[in-house]
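Structure record follows, encoded as structure tokens.
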Amino acid sequence: MTKYAMVTGASTGIGRGTVKVLTGEGFHVFGSVRKEADADSLKQEFGDKVTPVVFDVTDEAGVRAGAAFVKEQLKGATLDGLVNNAGIAVAGPWMHLPIEEFRHQLEVNTISILTVTQAFLPLLGATNPPPAHPGRIVNISSLGGKNGSPFLGPYNASKFAVEGMTESMRREFQIYGIDAIVIGPGAIATPIWDKAEELPIAPYEGTDFIEPLKKTRDYMTEMGPKGLPPEAVGTAVLKALTAAKPKVRYAVLPSPMEVFIQSVLPKRRVDKIIAKRLGLTRLGS
């Protein structure tokens with residue numbers, strides 16, 4: 001029997017890697033994209049194993065129209081999984097960050113998860129009575145959903161929120177038998193890293209943070225290509241959707257040292273390491 005999954009942000013990166021893994025394991029995937037060109041690209045690569053759905057996750061009317069389209073395509077079947085993956089990374093120092101940029105970060109990475117989830121919940125089995133085999137929700141968080149980094153505060157805030165949202169969803173949606181699971185990737189080699197060299201540091205010239213910002217940009221540019229392939233996250237998504245007893249959170253980390261630094265070392269020790277690496281030691285000291 002064919003399994004069905006909805007994956008947002010399917011055009012590139014983790015979303016596309018997830019489409020590749022799921023279709024390779026017999027799923028039919030509905031993949032959200034914002035452009036017709038990306039829809040064509042998905043069809044070209046995956047053929048009839050994927051059905052592109054064109055909407056922007058921040059457009060509530062568009063999301064609901066997308067859910068209605070998927071409902072028609074399912075012809076009475078239910079989704080086995082909803083993967084909330086679409087996201088962006090806004091960077092900048094808190095002291096000078098434009099409020100509108102922070103608001104946009106939360107709109108894309110956090111509020112959109114609720115928008116999409118509400119629209120697709122009935123297709124997962126949020127009905128009374130619920131189906132015998134309701135679907136699961138998988139929310140893509142990040143290592144940055146557990147640990148904050150300088151100049152990635154907006155992104156961290158959005159992903160910390162995703163962690164809390166998912167736990168709350170999991171406990172609420174038990175009434176329908178719908179599980180909610182977090183995937184927390186570390187560095188993944190996706191196009192988001194290709195943009196590291198474009199980190200918008202020019203607006204912060206003349207501030208006390210400009211040199212640490214430059215070091216952060218250089219570090220991201222260096223480390224990005226060393227990340228795991230997007231399919232590694234797709235494999236974790238597959239486990240979350242198919243395991244008889246899935247974990248509540250799957251971490252996908254490329255380096256044991258990353259785990260040690262972020263999860264084992266005392267926070268104050270990590271503060272000092274970061275300060276020394278980026279030049280964020282106290283001014284005048």
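When Rg is the radius of gyration of the Cα atoms in the chain and Rh is its Kirkwood radius, what does Rg/Rh come to?
0.99
Could you rank the peptides 151-162, 172-183 by their average count of other C-beta atoms within 10 Å per residue, with the highest value first?
Highest mean packing first, the order is 151-162, 172-183.
Express the relative contact order of the chain as a whole percentage, based on alpha carbon pairs under 8 Å and six or more residues apart in sequence.
Averaging sequence separation for qualifying contacts and normalising by length gives 19 percent for the chain.
What is the extension gain from residue 100 to residue 45, computed as 0.36 nm multiplied by their sequence separation minus the C-alpha to C-alpha distance, in nm to one decimal?
Gain on extension, residue 100 to residue 45, equals 16.1 nm.
Under 13 Å from the Cα of residue 35, which aspartates and glutamates turn up, not counting those fewer than eight places away in the same chain?
56
Where does each of 104, 133, 28 land when they are ranked from fewest to most other beta-carbon atoms within 10 angstrom?
Placing the least packed residue first, the sequence is 133, 104, 28.
Quick one: which of 71/247; 146/226; 75/239; 146/272; 159/267 span more than 23 angstrom between C-alpha atoms?
As for pairs spanning more than 23 Å Cα to Cα, those are 71/247; 75/239.
Packing-wise, with mean Cβ within 10 Å as the measure, how do 234-240, 76-82 rank, highest first?
Highest to lowest by the protection proxy: 234-240, 76-82.
Run the reach check for residue 276 against aspartates and glutamates, Cα to Cα strictly under 19 Å, same-chain hits fewer than 8 apart removed. What comes back?
208, 211, 218, 222, 258
Starting from 0.36 nm per residue, how many nanometres of slack lie between residue 73 and residue 218 once their C-alpha separation is accounted for?
Gain on extension, residue 73 to residue 218, equals 47.6 nm.
Mind giving me the FRET efficiency for residue 12 and residue 285? R0 is 45 Å, r the Cβ-Cβ distance, nearest 0.05 is fine.
Calculated transfer efficiency: 0.55.
At 222 nm, what value in deg cm²/dmol follows for the chain if DSSP H runs of at least 4 each add -39500 (n - 2.57) and the sum is divided by all its residues, to the nearest 500?
Calculated mean residue ellipticity at 222 nm is -13500 deg cm²/dmol.
Every number here is computed from the coordinates shown, using simple stated rules; none is lab data. Bear in mind the structure is a predicted one, so any value in this text is a computation, not a measurement. Heads up, the Cβs are rebuilt from the backbone with ideal geometry, glycines too, and the neighbour counts pull from every protein chain shown.
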